[in-house]
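Since the structure comes first, as structure tokens, the remarks are kept for the end.
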Amino acid sequence: MATSIPASGHAAPHGDSVDHDLKLRRGMLFYVLTDVIFVIFLLTTYVWLRAFHGDGWFPQGTKLPDQQTVYILTGLCVLSGIFYFIGFMGIRNGSQATLTICMAVATVLAIAALSGQIRFMGHLPFTTGDGSYASTYIMLSGYHIYHMLLGTFLGIGVTNRALRGRYSSDRTSGLSAIGYYWYWMALTPVLVTLMMLVLPPNS
Amino acid sequence: MRKLVPSYFAGAVLGAIGFFLGSQYVTHFIGAGNAPDGPNFDQQGLVIGFIGLLFGWLLGIGAFKYPFSWLLAMKDPDHEEEMRLAGKDAGVMRYFRFTTDHKVVGIQYLVVTMLMLALGGLGAMLIRTELITPGAKAFPTGTYNTIVSMHGMLMILTTISFFIGPFGNFVVPIMIGARDMAFPRLNALSFALLFPGLVIFMMTPIFGLIIMNGDGGGVQTGWTVYGTLADQTGIGMTPLAAGVLLIGASSIMGAVNLVTTVITMRAPGMTWTRLPMTVWGIFGAALLAAIGTGAFSADLLLILLDRIYKTSFFYVATGGNAVGAGGGSSWLSQNLFWFFGHPEVYLIVLPAFGIVIDILVVFGRKPLFGYKMAVLGIMGVVVLSFLVWAHHEFVSGWAPEIRPFYMATTEMISIPTGLVFLVVLGTLWRGRLWMTTAMLFAMSFIWNFLIGGLTGVFLSDVPADVQLHGGMFVTAHFHYTIVGGALMGFFAAVYFWFPKMTGRMLDERLGKIHFWGTQIGFNVAFLAMFYVGLQGMPRRVADYAPIFAPANFVISIFAFILAASILVFFYNVIASWVAGEKAVANPWGAKSLEWLVPTPVPLENFEEIPVVASGPYDYGEPVDSGKPIPAAGGGSAGQVAG
Amino acid sequence: MNEPQHLRRAALIWLVLTVVSLVAAWIIGPQLASWGSIPPVASNRAEDVDKLLGIFTLLSIPVFWLVVVFAGYAAFTFKSDGRPDRDGPGIRGHMPTQVTWVIVSVILVSFLFGYGLYAYNSLQSASAANTLVVHVNGEQWLWNYSFPQYGNASSTTLELPVNRPVRFDITSTDVQHSFWVPAMDVKQDAVPGVTTHISATPTQIGSYEVRCAELCGVYHSYMETPLLIVSESDFESYIATLQSGGSARIASPANALAWMVPDADSRASSIREGWVA
Ligand SMILES: [Cu+2]
Ligand SMILES: [Cu+2]
């Protein structure tokens, strides 16, 4: 393979021409994509069992989880995603204060949703042994809790770094990369709630 | 002492403590789960123990250092710090700790995948020992089933990682002109997850066969882990599923990293049409791994939940043994599994396509015949392989009306595969073939994969599959694609890149013995297996009817010959690594970038990132006019330009 | 030697090998069943499928030799003695060859698909009026049969009347099994919770075996029972025996295992109780 010496100097550190911001964003995008695919398979499980179930799908007397609580928890997640976005747009326009406040709010909302979710899971009207619907509901909510745990870690980190001024209007790729994850984390409970509660399982 | 913390040794110690605390704490304080037969181990305890093991291990190797310094917004590591993490001045110890240099990770993968290959091969030998004569004499049938399941699963894990791991890590970044992978820490982490995954996986016989101490304690499912059987099989299933989940996570990380690397890290001038086929093959495989693995992970997760928490994903309440409400579906498990399972075989074999083509070019001294066609072949396989999985369910009874569709897509996949064969033949034709061991293995790929492919066409046909499905014909077919295709490609790749990776040449004389032993052992054994398959011998049985005895005897004998020749290979690798002939930078006269850097490859690969001015296949002709004249001639240039 | 000569020689070798192999396959093929190299042919399905396998074999022979001859010819003729001192010609492709290759493979694949589809559809033939229905229930590790048209007479060994179409309705009580009669080319998974179907018409009186073709637990290897294809009158007496509560004859077919684990039944239940999770 023929190569030649680069004619001019190089912009990137220690002499490569890699766009490190692009790399970070692409990498996170692919990671989130694999997570999306995993969740798609979990949702496929739900759709499949619902469509082709036997007697054990939704045994007589099974109660639905408390819808109001679920809507509130889902709302918290969505709100958290919205705050993340506002904060991100804020720093794009150069406002450190918007970023810091919004990231803090987004993280607090996520923690609230997480602890609410854990509490809620302890008081479900069914257990894992109560048929496929109950199994799927607990499995999907459990995976959401894993999402939120990781998200909380990221949220605290981002808030902390925002406080110390690690971001600026031209240093946002870390934020947009984590943003991909954050928006996906906010979207998952919406999908789950839509599929599992808004469309009642016993219809 | 300070050298040992953090390192893999500290990780092992903390991992063991984590496992003990996790499994015992849960059994004592949270309460017992099911299967109280074992001394103080239940399934839930095991899983918590595995989590403890993982965290202990990651803590011990120092994998948490960066995430927490990021969390606390400490100073970003400077270049000096990064280099220390990449193993600068660490000597041999860099192979035993969390090291980010892609070359170190590549070597780590090489060693571990060869170890896995040896373990899986041991399983194959145990199977053939049992089957050498009729009658289940060597092992009780439950133990035999466990060996079959572990052999299958372990070999799948080996073959999905033995290209992406060693060569994807060591070779690909240099080939595209990068200093490292896109995310060096993630790279080190993906290896660091493979290892505990393997340890957990190997606990299967310990818990299943020894501690559970019953013939049924092991894994009875085969590598396909169909839900209904996986739900009721012995305690060994739990470590198996957990270990494979972890290895799956590791391979997803590796895949994300490779895809990002190839997309964003190519050197200036390294356009998509100048990528060596090896990169294309591994890139395609990484795409398949990133997309397909999720289905399998979901399947395993649901199995674990079914087993531990009595959920009803696969559990169908029929008859008197009901323990839960039921409502599960056995077909769901099959579909989740095969949605991964079919792309998975291409994930194994695509890198072999690329590597074999590259090796044929180098030792044929001729440009690649039909570059675009080869790329089209590989990417065509990537796309089509997600549309064919239900050909594994032609006799499952699921959705008979869509069988013709899957028959069509499956047969269609032979068109892109056929393109690769034309590329191979066109490249060989009128070359100057240099018959090194690497070249011999690359050429044996043609023969072996051809047989695998043609017999695959038989199985793609619904009526023929009804007779052949679940029999030894299928076993022989996929061994022809995976052993005959991927493993031969792996051997070719090891003989080819060993000089670059270790700085020493493999012994060519031993290589020839290895080659001929492998070809004879493999081909006779598996052609005989096609024969018993046609006779009607089912797969995965410990005992068989007398009519199958002669062929099985032949299979076993030649399988032992195959194993003996692979022992020669392992001996060759170890002996040459220690005391082989020293390798020059470009012993084969190859033209892709990894051969233009010195051996051993310096820490950041290139003193200065090269600007690529032409493709890697410039043999036998002056560079086309119109393209820039290269500054440093390709040919046998011993060093990188600049 | 120049390029066209090499090509002509390789093509000639290919032609000779192809013709020889085709003739050999043509002669050997019909003998295989009598040599025990393929299962006996005892149903209409088995006859069709054997024909199909034969046609696929004939089609794959030229393809096989094409690749092997050209690669082998290159390996022997273009071999250099040690490290080559010069390169081969710089050919980067040849459009006509590439286009032809694609067209031929598309034609081959279309033919395979068309023929496979035709064979598939002809095997899904409509059920005849006198079809015998057999309920098959897989269980670790035996097969239970019952005959709904004969007052649900049931048995663990199967006898079928010759030349009368049979429909198997298959299910399972525990895990997934696969109901396989090699001689009849019948294979269909037994899936818990659902019933699957497959039909065939036995054509040869004789003793054969039923195997399980899906790994189903500890004694999967022994999940194999005899099958007798008998005359209509023998079948009537088999049913009569079953209805009077007697057990059927056990005839061990030539290809069978030493039949079943001695006490598979009791082992099965004790094991199931042991570790159903
Ligand atoms: Cu497949
Ligand atoms: Cu079975």
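Before moving on, here are some points about what is shown:
- When segment A:83-104 is filtered for residues that are free of Cβ contacts under 8 Å to residues at least 24 places away in the same chain and in a helix (DSSP H, G or I), the ones remaining, listed by number, are A:86, A:89, A:90, A:97, A:98, A:101, A:102.
- Scanning segment B:379-392 finds no residues that are of a type in the set (Gly, Ala, Ser), open to solvent by less than 10 Å² (accessible area, probe 1.4 Å) and more than 12 Å from ligand 1 (Cβ to nearest atom).
- Segment C:65-178 holds strands (runs of 3 or more DSSP E) entirely within its bounds, and those carrying 2 or more residues that are β-branched (Val, Ile, Thr) and either away from ligand 1 (no atom under 16 Å from the Cβ) or facing another protein chain (nearest Cβ under 8 Å) (or both) map to C:132-139, C:166-172.
- Each residue in segment B:56-66 was checked for being assigned to a helix (DSSP H, G or I) and either at pLDDT 90 or above or open to solvent by less than 20 Å² (accessible area, probe 1.4 Å) (or both), and 6 pass.
- Taking the criterion of being at the interface with chain C (Cβ under 7 Å from one of its Cβ atoms) and either within 16 Å of ligand 2 (Cβ to nearest atom) or not in a helix (DSSP H, G or I) (or both), the residues of segment B:395-420 that qualify are B:395, B:396, B:397.
- Any hit, segment C:247-268, residues being modelled with pLDDT of 50 or more and either among the hydroxyl-bearing types (Ser, Thr, Tyr) or not assigned by TED's automatic domain parsing to the domain that holds residue C:166 (or both): yes
- A single entry from B:302, B:336, B:288 fulfils the requirement of being facing chain A (nearest Cβ under 9 Å), within 16 Å of ligand 1 (Cβ to nearest atom) and more than 20 Å from residue C:171 (Cβ to Cβ): B:336.
- For segment A:131-147, the criterion of being within 13 Å of chain B (Cβ to nearest Cβ) and farther than 22 Å from residue A:62 by Cβ is satisfied by at least one residue.
- Output for segment B:426-455, where each listed residue is away from ligand 1 (no atom under 16 Å from the Cβ), within 7 Å of another protein chain (Cβ to nearest Cβ), open to solvent by 20 Å² or more (accessible area, probe 1.4 Å) and on the phi < 0 side of the Ramachandran plot: B:429, B:432, B:434, B:435, B:443, B:447
- Residue in segment A:187-200 that is open to solvent by less than 10 Å² (accessible area, probe 1.4 Å) and out of contact with any helix residue (DSSP H, G or I) (no Cβ under 9 Å at 6 or more places or on another chain) present: no
- Given (1) away from ligand 1 (no atom under 16 Å from the Cβ); (2) facing chain A (nearest Cβ under 10 Å); (3) modelled with pLDDT of 85 or more, index of the condition residue B:351 fails: (2)
- Within segment C:203-217, if we keep just the residues that are more than 16 Å from ligand 2 (Cβ to nearest atom) and at negative phi, the residue that is nearest to the other protein chains (Cβ to nearest Cβ) turns out to be C:208.
- Take the conditions (1) of a type outside the set (S, T, N, Q); (2) at pLDDT 90 or above; (3) more than 30 Å from residue C:227 (Cα to Cα); residue C:115 misses just one of them, which is (2).
- Filtered by the rule that a residue be within 11 Å of another protein chain (Cβ to nearest Cβ), in a helix (DSSP H, G or I) and either among the acidic types (Asp, Glu) or open to solvent by less than 30 Å² (accessible area, probe 1.4 Å) (or both), segment C:1-52 gives C:3, C:6, C:10, C:45, C:46, C:48, C:49, C:50, C:52.
- Lone unmet requirement of (1) open to solvent by less than 10 Å² (accessible area, probe 1.4 Å); (2) under 28 Å from residue B:111 (Cα atoms) for residue B:202: (1)
- Only helices (runs of 4 or more DSSP H) whose full extent lies in segment B:432-503 are considered here, and the ones with at least 1 residues that are within 28 Å of residue C:77 (Cα to Cα) and touching a His at 6+ places or on another chain (Cβ under 9 Å) are B:437-460, B:488-502.
- Restricting attention to segment A:169-183, the residues that are within 14 Å of chain B (Cβ to nearest Cβ) and surrounded by fewer than 20 Cβ atoms within 10 Å (Cβ to Cβ) add up to 5.
- Of all residues in segment C:53-76, those satisfying the criterion of being hydrophobic (A, V, I, L, M, F, W, C), open to solvent by 40 Å² or more (accessible area, probe 1.4 Å) and over 11 Å from residue C:14 (Cβ atoms) are C:55, C:58, C:59, C:76.
- Qualifying residue in segment B:354-364 (condition: part of a helix (DSSP H, G or I) and within 16 Å of ligand 1 (Cβ to nearest atom)): no
- Sole exception among (1) at pLDDT 90 or above; (2) closer than 20 Å to residue C:220 by Cα; (3) not polar (S, T, N, Q) for residue C:158, by number: (1)
- Residues satisfying the stated conditions in segment A:45-93, i.e. open to solvent by less than 50 Å² (accessible area, probe 1.4 Å) and of a type in the set (Gly, Ala, Ser): A:54, A:56, A:75, A:80, A:81, A:87, A:90
- Here the helices (runs of 4 or more DSSP H) wholly within segment B:77-164 that include at least 1 residues being touching a residue at least 60 places away in the same chain (Cβ under 8 Å) and within 30 Å of residue B:479 (Cβ to Cβ) are B:102-131, B:141-161.
- In summary, residue B:320 fulfils each of the numbered conditions (1) in a helix (DSSP H, G or I); (2) open to solvent by 10 Å² or more (accessible area, probe 1.4 Å); (3) modelled with pLDDT of 90 or more with the single exception of condition (3).
- Subset of segment B:393-411 that is of a type in the set (A, V, I, L, M) and crowded, with 22+ Cβ neighbours inside 10 Å - its residue that is nearest to ligand 1 (Cβ to nearest atom): B:407
One line per residue, one yes/no per condition, for (1) more than 29 Å from residue B:286 (Cβ to Cβ); (2) at pLDDT below 90; (3) within 10 Å of chain B (Cβ to nearest Cβ):
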site: A:20; (1), (2), (3): no, yes, yes
site: A:42; (1), (2), (3): no, no, yes
site: A:56; (1), (2), (3): yes, yes, yes
site: A:59; (1), (2), (3): yes, yes, yes
site: A:103; (1), (2), (3): yes, no, no
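- Residue within segment B:377-389 that is outside any helix (DSSP H, G or I) and away from chain A (no Cβ under 14 Å) present: yes
- Test: residue in segment B:177-190 that is in contact (Cβ under 8 Å) with a residue 12 or more places away in the chain, within 21 Å of residue B:521 (Cα to Cα) and of a type outside the set (Lys, Arg): no
The values are calculated or read from the model by the stated rules, or taken from the named source; none is laboratory data. Source: prediction; values computed, not measured. Ideal geometry is used to build each Cβ from the backbone, glycine not excepted, and the neighbour counts take in all protein chains shown. What goes into the accessible areas is simple: the full protein's heavy atoms, side chains included, and nothing from ligands, DNA or RNA. Shrake-Rupley method; radii C 1.70, N 1.55, O 1.52, S 1.80 Å.
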